[in-house]
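Colleague: Sending over a structure as structure tokens; questions will come in a sec.
The numbers here are math on the coordinates, done by the rules we state, and not lab data. Only a predicted model underlies this, so the values are computations on that prediction, with no experimental measurement involved. With ideal geometry, Cβ positions are generated from the backbone for all residues, glycine too; neighbour counts draw on all protein chains shown.
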Amino acid sequence: MAIHENCHVIAIVGGKGGVGKSVFAANFACALLQEMRAKVLLLDMDSKSAGDQNIITGMRPNKTIGDFTRFTGSVSQQSLGSIVTQHASGLHFIGAVSGPDQTLNARADLIKKQISLISPFYQYIVVDLGNDMGELQTSMIELASVALVVTTPEVLVVNQTRRILNDLIGATFPMEMFHIVVNRVGRGGINPQSIGQSLRRPVIGAIPQDDATAMTALQSSTPFILSNNNSPMKAAYTQVLRNLTGGVLQKLKNLQRPKDAGALGAAKTAALAKAKTDVPTIGRKKGGASDLDPETLLKLQIHKGLIQEMDLKKDLSNTNGDPQKEAELRQKTQRLVTQLTDRLGGGLSREDRSRIIKQVLDESLGLGALEELLADPSVTEIMVNGAKHVFIEKNGKLTLSEVDFTSNDQLRKIIERIVSPLGRQINEKTPYVDARLQDGSRVNAIIEPLSIDGPAITIRKFSKETITQEHYFKWGTSTPSMMDFLKICVEQGLNIIVSGGTGSGKTTLLNMLSSYIPSNERIITAEDAAELQLRQEHVVRLETRPANMEGTGEISIRDLIRNSLRMRPDRIIVGECRDGAALDMLSAMNTGHDGSMTTVHSNNAREAISRIETLCMMAGMDLPAKAIREQIAGAVDLIVQIGRLSDGSRKIKQITEVGKLRGETIELQDVFLFKETGFDKNRKILGQFQPTGMIPTFIEKFESRGVAIPRNLFSMNSNAPKKEDGPAKAQRAGAAPRRGPARSVQRPQAAPPNKKVSGDDG
């Protein structure tokens with residue numbers, strides 16, 4: 001909600017503590033009341049207030065700012081009396097606190113809403129914000145037409161005032177809205193004009209020093225504007241008021257909140273005329289500068305000015321990852337970007353101005369348009385096809401986003417900013433790269449000349465929330481019975497292949513399954529781009545390295561697997577097998593590293609076996625197909641097939657036991673399956689997770705170790721809700737398995753003892 005068009009919010013900010021801004025705010029509000037004969041509301045929103053305005057005005061507030069934000073009734077002329085406190089002069093007041101024993105406690109979003117609702121009843125709302133700018137205070141400056149910064153003619157105070165102004169302007173507030181009021185002006189202080197030149201802001205008024213009048217007013221708890229009609233101080237306040245209301249206030253309000261979208265259009269048109277001859281050629285479209293929209297041209301101008309003023313590449317490298325230096329560089333850059341925006345894009349509305357400043361700053365120091373998308377938890381994947389086409393995946397559906405980049409040149413710099421900290425490079429010689437962001441999100445980038453229409457980036461976002469089995473139940477990806485089974489298999493050291501198509505969730509599932517590994521085991525992970533986030537303490541994470549400029553120094557997955565064998569691992573986890581590393585992985589699984597896991601690309605369990613076989617042939621060992629199949633049959637115990645369905649949902653479609661090699665074929669036995677049954681009215685796929693009734697052969701081996709496996713996991717009604725009795729709970733706790741009715745779930749009679757039966761190929 002916005003402030004009423006007939007109301008002005010005037011923010012009073014102290015350049016330093018003790019400059020008299022609270023006294024100024026109260027008396028300025030009274031001056032508005034007397035001189036303008038208007039309805040005026042005074043708000044005390046100083047975060048360090050101990051009830052100063054209560055003493056200055058002589059009023060005890062009916063409601064504090066915190067009470068006002070929690071007010072749930074409708075704001076009307078009738079309810080106004082219960083909200084505000086009215087002075088005898090007619091001034092209305094809401095205090096920060098009732099007394100010094102309280103602290104200001106209010107939410108910024110709620111106070112903005114309430115101020116918007118109450119604004120139709122006032123022509124002026126004067127807000128005492130203090131000198132500590134928190135979220136609550138800056139939210140009020142967002143609503144304000146003008147901010148009066150109170151300072152005194154002292155060197156240290158002026159220096160502190162400059163810092164506050166820099167912080168506010170750096171926070172994307174327009175410089176034009178800040179005006180200086182010099183308080184306590186005397187013969188020995190700095191000249192007010194000199195202060196204005198030093199702060200680069202106009203001095204709208206100078207209040208003479210009169211300690212006697214000020215002290216008398218405080219002792220009587222009456223603003224001196226109301227009691228002394230002839231003092232020089234009152235004349236100075238009247239002059240400040242006239243300077244402000246003589247057209248300046250309305251002009252500032254129209255500048256910050258234009259009634260129509262014409263302001264941005266005019267600014268864009270002006271920028272376009274200058275940018276046609278001033279914009280750099282890099283990033284132009286074929287038709288030249290005139291083909292670029294005015295906002296893009298304005299951002300290119302700001303980028304050009306920033307490059308002329310700063311060496312960002314050098315400044316970024318000098319931070320060396322130091323958070324304090326990075327924060328200082330960001331503040332410095334933000335101030336410069338703000339100044340350039342005000343100089344080059346005059347007439348922008350506050351919303352457009354803030355957005356452009358943020359976009360330029362993100363492109364200069366961050367990841368540009370990616371920052372907004374990475375911060376959105378509903379976005380799971382980002383696909384950039386050149387500067388102007390950014391697609392996103394939400395809820396399994398691809399859509400074209402509204403964000404874009406200023407130019408392909410800026411996009412290229414962002415790619416370099418991603419890969420450089422990882423010791424990787426992207427150039428004409430190596431025009432594509434795999435990398436990762438700091439949060440673990442996987443990145444692939446490819447540039448010209450391979451990418452014809454400009455650089456392309458694909459980001460698979462890493463979930464900030466740790467994915468657990470409960471998430472799989474909530475999403476309908478799996479059932480408790482299936483996860484109970486997988487947990488037992490991981491704990492007992494079965495070698496598992498997670499199989500699925502691109503984007504099906506293989507790595508996420510692998511990461512979740514790895515959480516079942518006992519914490520006393522040593523785990524080695526090997527990945528192209530480190531994505532796995534294991535929660536165990538005894539973990540060594542390894543990452544590949546591409547070749548350098550000379551084409552040497554490459555470290556592959558195969559190298560990492562071979563090296564990990566010398567690191568005394570209990571388990572080896574490979575992010576993905578996509579080449580001859582599959583053979584090394586099988587060798588590790590066959591040589592005592594039980595419980596190892598990896599992922600492969602395939603559409604079902606049978607194809608996963610064929611895929612692994614093909615990858616092994618890529619190792620260059622010239623092994624016969626039968627020898628490779630024997631390796632697979634001996635090494636792999638279980639294949640977990642996960643798929644992404646047409647409605648965007650992900651399901652564990654198969655859990656398949658890998659049996660022995662019989663002839664030329666490896667036996668497969670499905671333990672669990674997902675069967676599609678149709679669609680609902682929203683075109684969401686319906687289906688059921690079903691145990692096949694086949695009991696894996698390794699269950700008896702587990703039971704021989706004393707590990708109890710509830711046989712009802714494999715019964716057809718295992719997913720139905722049921723209340724466990726005492727013996728069932730005992731089974732899950734590790735007691736001896738129940739016999740009796742559970743024996744009705746048997747292997748097919750045609751199966752030889754302890755042998756597996758070939759399952760459905762999926």
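Colleague: On a C-alpha basis, how far is the centre of segment 319-348 from the centre of segment 452-492 in Å? Whole number, if you could?
Modeller: Taking the Cα centre of segment 452-492 as reference, the centre of segment 319-348 is 39 Å away.
Colleague: Something else: Pairs of Cα atoms under 8 Å, at least six residues apart: use those to get the relative contact order of the chain, whole percent.
Modeller: 7
Colleague: In addition: Can you list the HN-Hα couplings for segment 681-698, worked out from phi with the Karplus curve (6.51, -1.76, 1.60; θ = phi - 60°), rounded to whole Hz and with x for Gly and Pro?
Modeller: 5, 9, 6, 8, 6, 9, x, 9, 8, 10, x, 7, x, 7, 9, x, 5, 6
Colleague: Residue by residue through segment 190-203, which ³J(HN,Hα) values in whole Hz follow from phi under the Karplus form 6.51 cos²θ - 1.76 cosθ + 1.60 (θ = phi - 60°), with glycine and proline marked x?
Modeller: 6, 5, x, 5, 5, 5, x, 5, 5, 8, 6, 9, x, 8
Colleague: Moving on to the next point. Calculate, for GLN536 and LYS660, the FRET efficiency according to 1/(1 + (r/R0)^6) with r their C-beta to C-beta distance and R0 30 Å; round to the nearest 0.05.
Modeller: Efficiency at R0 = 30 Å is approximately 0.40.
Colleague: What full-extension length gain, to one decimal in nm, is calculated for PHE391 and ARG545 as 0.36 nm per residue of separation minus the Cα-Cα distance?
Modeller: Here the answer is 52.5 nm.
Colleague: Give me, ordered by chain and number, the residues 5 or more places off ALA526 or on other chains with an amide H under 5 Å from its own placed amide H.
Modeller: For ALA526, whose amide H was placed from the backbone, the distant partners under 5 Å are LEU542, ILE573, VAL574, GLY575.
Colleague: Let me ask another. Output the peptides 450-460, 49-59, 659-669 sorted from most to least packed, where packing is the average of other Cβ atoms within 10 Å over each peptide's residues.
Modeller: Those peptides, ordered most packed to least, come out 49-59, 450-460, 659-669.
Colleague: Turning to a different aspect of this structure: Can you give the percent of C-alpha pairs in segment 187-253 whose distance is more than 16 Å?
Modeller: 59
Colleague: Here's something else I'd like to know. Roughly how many whole Å is it from the C-alpha centroid of segment 411-434 to that of segment 612-647?
Modeller: The distance from the Cα centre of segment 411-434 to that of segment 612-647 comes to 33 Å.
Colleague: Below 17 Å, Cα to Cα, which aspartates and glutamates can LYS63 reach? Residues fewer than 8 away in the same chain don't count.
Modeller: Hits, sequence-local ones excluded: ASP44, ASP46, ASP52, ASP101, ASP128.
Colleague: In segment 352-379, which residues have a backbone nitrogen under 17 Å from the label point lying 7 Å from SER317's Cα in the Cα-to-Cβ direction?
Modeller: Under 17 Å, as judged by backbone N against the label point of SER317, lie 365 of segment 352-379.
Colleague: With the cut-off at 20 Å, tell me which of the pairs LYS397/LYS684; LYS358/LYS413; LYS16/LYS234; LYS397/LYS506 have Cα atoms farther apart than that.
Modeller: In this structure, LYS16/LYS234 lie more than 20 Å apart at Cα.
Colleague: Could you sort the peptides 625-635, 677-687, 383-393, 148-158 by per-residue average Cβ neighbour count (10 Å cutoff), highest mean leading?
Modeller: Those peptides, ordered most packed to least, come out 148-158, 383-393, 625-635, 677-687.
Colleague: If I histogram all Cα-Cα distances within segment 370-460 using bins 10 Å wide from 0, what percent of pairs lands in each bin?
Modeller: Cα pair-distance distribution for segment 370-460, in percent: 17, 53, 28, 2.
Colleague: Between THR591 and ASN6, 0.36 nm times their residue separation minus their Cα-Cα distance comes to what?
Modeller: Between THR591 and ASN6, full extension yields 202.5 nm more.
Colleague: For helix 408-419, what angle does its Cα long axis make with the longest principal axis of the chain, in degrees from 0 to 90 and rounded to 10?
Modeller: 60
Colleague: If you take every DSSP beta bridge fully contained in the chain, what fraction is antiparallel? Give it as a percent rounded to 5.
Modeller: Antiparallel bridges: around 50 percent, rounded to the nearest 5.
Colleague: Would you pull out the residues with amide H under 5 Å of GLN533's amide H, same chain only if 5 or more places away, H placed 1.01 Å from N?
Modeller: none
Colleague: A follow-up question, please. State the extension gain, in nm to one decimal, for the chain segment bounded by THR103 and THR502, taking 0.36 nm per residue of separation less the distance between their alpha-carbons.
Modeller: Additional length available on full extension: 138.2 nm.
Colleague: How large is log10 of I(q)/I(0) for the chain at q = 0.08 Å⁻¹ when the intensity is taken from the Debye formula with one equal scatterer per alpha-carbon?
Modeller: -0.84
Colleague: Which distance in nm do the two modelled labels at GLU700 and ARG578 give, with both placed 7 Å along the Cα-to-Cβ direction?
Modeller: With each label placed 7 Å out from Cα toward Cβ, I get 4.2 nm.
Colleague: For the chain, what is the mean residue ellipticity at 222 nm derived from helices alone (per DSSP H run of n ≥ 4: -39500 (n - 2.57); sum divided by total residues; nearest 500 deg cm²/dmol)?
Modeller: Using -39500 (n - 2.57) per qualifying helix, the result is -11500 deg cm²/dmol.
Colleague: Can you give me the C-alpha center-to-center distance between segment 564-609 and segment 56-93, rounded to a whole angstrom?
Modeller: So the two Cα centres are separated by 70 Å.
Colleague: Right, something else. Highest mean first, what order results for 583-595, 414-426, 190-202, 69-81 on Cβ atoms within 10 Å?
Modeller: 583-595, 414-426, 190-202, 69-81
Colleague: Using R₀ = 30 Å, calculate the FRET efficiency as 1/(1 + (r/R₀)^6) where r is the Cβ-Cβ separation of ARG330 and ASP434; round to 0.05.
Modeller: Calculated transfer efficiency: 0.60.
Colleague: Let me ask something additional. Can you work out the FRET efficiency for the pair LYS251 and ARG355, with r the C-beta to C-beta distance and R0 = 30 Å, to the nearest 0.05?
Modeller: 0.85
Colleague: What's the exposure ranking of ARG163, ARG558, going from fewest to most Cβ atoms within 10 Å?
Modeller: Ordered from fewest to most neighbouring Cβ atoms within 10 Å, ARG163, ARG558 come out as ARG163, ARG558.
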